[in-house]
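Peer 1: Dropping a structure here in structure tokens format, bear with me for questions.
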Amino acid sequence: MNHLSLPKVELHRHLEGSLRLETLIELAAQHGRSLPSTTVAGLRDHAQVLKPMGSLQEVLDAFVLFQDAFRSLDAVERLTFEAVEDAALDGVRLLELRFSPGFMAEPAGLDWDQMMLRVVRGVERAQEQYDIVVGLIAIVSRSLGPRSARDTVAFTLNWRAHIVGFDLADAEEAYPASDFATEMGQLFAIDMPITVHSGENVGPEHIRTSVDILNARRIGHGVSIVRDPTLVERFIEQGLALEMCPTSNLRTRAVDRLEDHPAAQLLGQGACVTLNSDDPGLFDITLSGELALAQERLGFTDEMIVASTRHAIEASFVPDAQKEEVREALRGFLGP
């Protein structure tokens, strides 16, 4: 299968983890910020996670150089445009791009609403040049605390016309789902689709809580679900989706080897499994590369790649009319 030509769908990609190193260097110069190196080759070992780390927290800590690039509104627009452009050039036809306004605004204290205007503009500029559907997902970063959670919910409600879903991310064990039930409940009450980072480096009971308490329709990563057959069956019966990220899961040590990744097993059982890059800039990967990796190391067949793509279309939070554009593109690729 030609993975680049396949009309792909990505449900789990972080804007803050999708930066080009060349742009990181240019923006650091513009903002008067120092970097460990001013060449792409020299910066790679400092800004990217290219091998398994000691823990998920070590990977989260690696975001500091990427986060620091968001120091001006012009930078926000440029970084958004480039993230969408890179996805389009990789053959992604439907991209759900998620971001944490609290995390992005933190380095320079940017105004969230002004920042959102530039995110939207960056998306629109990219869509003027490329045939790609984009949905934006707002994130609450657990570690930023309850006030940030309340502010992010208010922000999401204010920008409802431009936001298709809501996510809870960051260190799950230290900040359990129950701490955010009130805020997430406000969004569920207005039918805002919810996805939650869960079961990445903790047990399946966290996934169950994310579904039961936070009303998550999708789970980001969800690797540990395979340890709870009853929960797997529930996901199959209820059509709940898994946003699985093989390279990310290896480098955060959610799995010890790619061959141990449960994506193929779960898909074979009938679960709604989707494949994603998570942070392509941080990990130096593409979605096309992840699909190739799934076939080389995880046991995916061509048919399974197509099945996971179809699952991603149907699990997407974008309006159905936009999904139909992507369904048609996939039908055209597959032929009669």
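The values are calculated or read from the model by the stated rules, or taken from the named source; none is laboratory data. What you see is a predicted model, and the numbers here were worked out from it, not measured in a lab. Methodologically, a virtual Cβ is constructed for each residue, glycine included, from the backbone with ideal geometry; neighbour enumeration extends over all protein chains shown.
Residue-by-condition table, conditions (1) buried (at least 19 other Cβ atoms within 10 Å of the Cβ); (2) of a type in the set (A, V, I, L, M); (3) over 18 Å from the mean Cα position of the chain (by Cα):
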position	(1), (2), (3)
A149	yes, yes, yes
T152	yes, no, no
G165	yes, no, no
L168	yes, yes, no
P176	no, no, yes
D179	no, no, yes
A189	no, yes, yes
S198	yes, no, no
I207	yes, yes, no
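Peer 1: I'm checking my understanding of the structure. Among residues of segment 174-194 that are among the β-branched types (V, I, T) and out of contact with any Ser or Thr (no Cβ under 9 Å at 6 or more places or on another chain), which one is farthest from T152 (Cα to Cα)?
Peer 2: Among those residues, the one meeting the criterion is I190.
Peer 1: Moving to a separate point now. Considering E259, E314, E296, which residue is surrounded by fewer than 21 Cβ atoms within 10 Å (Cβ to Cβ), under 18 Å from L11 (Cα atoms) and not aromatic (F, W, Y)?
Peer 2: Only one candidate passes the filter, namely E314.
Peer 1: To continue, here is another question. Inspect segment 25-44 for any residue being surrounded by fewer than 15 Cβ atoms within 10 Å (Cβ to Cβ) and within 25 Å of V255 (Cα to Cα) and give the result as yes or no.
Peer 2: Yes: segment 25-44 contains one or more residues that are surrounded by fewer than 15 Cβ atoms within 10 Å (Cβ to Cβ) and within 25 Å of V255 (Cα to Cα).
Peer 1: Does segment 121-137 include one or more residues that are touching a strand residue (DSSP E or B) at 6+ places or on another chain (Cβ under 9 Å), buried (at least 23 other Cβ atoms within 10 Å of the Cβ), under 23 Å from D278 (Cα atoms) and of a type in the set (D, E, K, R)?
Peer 2: So far as segment 121-137 goes, no, none of its residues is touching a strand residue (DSSP E or B) at 6+ places or on another chain (Cβ under 9 Å), buried (at least 23 other Cβ atoms within 10 Å of the Cβ), under 23 Å from D278 (Cα atoms) and of a type in the set (D, E, K, R).
Peer 1: Just one of (1) among the acidic types (D, E); (2) assigned to a helix (DSSP H, G or I); (3) farther than 27 Å from L117 by Cβ trips up E183, so point out which.
Peer 2: (3)
Peer 1: Taking segment 199-229 only, how many residues are modelled with pLDDT of 95 or more, polar (S, T, N, Q) and not in a helix (DSSP H, G or I)?
Peer 2: Total satisfying the criteria: 1.
Peer 1: For S5, are the conditions met, namely being over 23 Å from the mean Cα position of the chain (by Cα), of a type in the set (G, A, S) and assigned to a loop (DSSP other than H, G, I, E, B)?
Peer 2: No; evaluated as a whole, the condition is false for this residue.
Peer 1: Take the conditions buried (at least 23 other Cβ atoms within 10 Å of the Cβ), touching a strand residue (DSSP E or B) at 6+ places or on another chain (Cβ under 8 Å), of a type outside the set (V, I, T) and within 30 Å of A47 (Cβ to Cβ) and apply them to A271. Does it pass?
Peer 2: For A271, the condition - buried (at least 23 other Cβ atoms within 10 Å of the Cβ), touching a strand residue (DSSP E or B) at 6+ places or on another chain (Cβ under 8 Å), of a type outside the set (V, I, T) and within 30 Å of A47 (Cβ to Cβ) - is not met.
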